[in-house]
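For reference, the structure discussed in these notes is given below.
All of the numbers you see were taken from the coordinates with simple rules; none came from a lab. Only a predicted model underlies this, so the values are computations on that prediction, with no experimental measurement involved. FYI the Cβ positions are ideal-geometry reconstructions off the backbone, even for glycines, and counts take in every protein chain you see.
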Amino acid sequence: MRSILGQSLLSLFLACSSAQIIDNISFGQGDRLSPNGRGLPGWSVTAKDQQPQLLSDRIVLTPPVPAGTRGALWADNAITAAEWTVDFEFRANGQDTGSGNLQLWLAKDKSQVQQSSIYTVERFDGLAIVIDQYGGRGGSIRGFLNDGTQNFKAHASVESLAFGHCDYSYRNLGRTSKLR
């Protein structure tokens, strides 16, 4: 799973349909996200132009400055359960017209995605959920599927590839937003 965050805070849980936590691809269910403040067991943390902050109760992948930074979390292990649920909490603060976005990825091969966004990724096999200020509507959530045949970077209108979307105001709420 992949995310590029614009001033967002992240907590992620992955559970089977029976509400059982899958330990090797989950974090955030204990008192501290990171046991040592230097990393998340079972996850790779990467960034461009800055260093993510691993705090006791949150991860800041992209700070307010400098602009244009990218951060990513990738599970080191594949999902093997036939049925599963992702519980995701995030918070975005800053200008109401912020241009950053948050992307959750379920990709067959993370090397196809790495630190790309839905606008810069070429071919990937998987699902991307994008949370951003698209269309000036105060926030939206859009879903994208690809079986590896569509080159998103070369497409003239990536937005038209969304299989679904809804308005969702998420910035400056003073609380986390929760997606499941």
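Taking label positions 7 Å along the Cα-Cβ direction at both GLN114 and ASP147, the computed distance is 2.7 nm, reported to one decimal. Backbone N atoms of the stretch 49-81 closer than 13 Å to the 7 Å Cα→Cβ label point of ARG32 belong to residues 54-58. The length gained on full extension between SER169 and SER44, counted as 0.36 nm times the residue separation minus their Cα-Cα distance, comes to 42.1 nm.
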